[in-house]
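Below: one structure, written as structure tokens.
None of the figures in this text is laboratory data; all of them are computed from the coordinates on show. This structure is a prediction, so every number in the text was calculated from the model and none was measured. Don't worry about glycine lacking a Cβ; one is built from the backbone with ideal geometry, like all the others, and counts go over all protein chains shown.
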């Protein structure tokens, strides 16, 4: 029974990898199209602020997708979750949020409150990433908490 569940799990991960690859290909094409249109649109060879933010947001979104693909690939190959990759993915996602943050639709208090929350998340994720890298911890089936011994 366990072997059947493991095979089903591998099938799900393989399906996710194929779908994520398709999404990444479409995202890269869209990002390239957005960049070309932005460069030749209103001011040739210069990006305006909103265009720059859109391109950087798309770039970071593709980067998040690649990191997510790496996480799925690592689990598929090693049956182990690389926690540091997941935390790094969260750090990239919150950086994308900061870059795309638009304060025009909110009050000063709401904007400040959101920035404080983002700051707390960044500090927590950074501290977690540092501790995970220092300990070298991997978690997965058959690995209770495998630590890197130096």
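Helix 83-100 and the longest principal axis of the Cα set of the chain meet at an angle near 10°.
Once the Cα atoms are used to define both axes, helix 2-40 deviates from the longest principal axis of the chain by about 20 degrees.
Per-residue ellipticity at 222 nm computed for the chain from its helices equals -27500 deg cm²/dmol, with DSSP H segments shorter than 4 residues left out and the rest contributing -39,500 (n - 2.57). Inter-label distance, residue 4 to residue 107: 5.9 nm, where each label sits 7 Å from its Cα along the C-beta direction. Note: relative contact order over the chain, using C-alpha pairs below 8 Å and six or more positions apart, is 22 percent. Compared with the dominant Cα axis of the chain, that is its longest principal axis, helix 49-78 is turned about 10°. Of all the options 52, 17, 106, the one that moves most in a Gaussian network model of the chain with Cα springs shorter than 10 angstrom is 106.
Ordering 34, 43 by the number of other Cβ atoms within 10 Å of each residue's own Cβ, fewest first, gives 43, 34.
Note on the chain: GNM, Cα springs under 10 Å; of 117, 32, 58, the largest mean-square fluctuation is that of 117.
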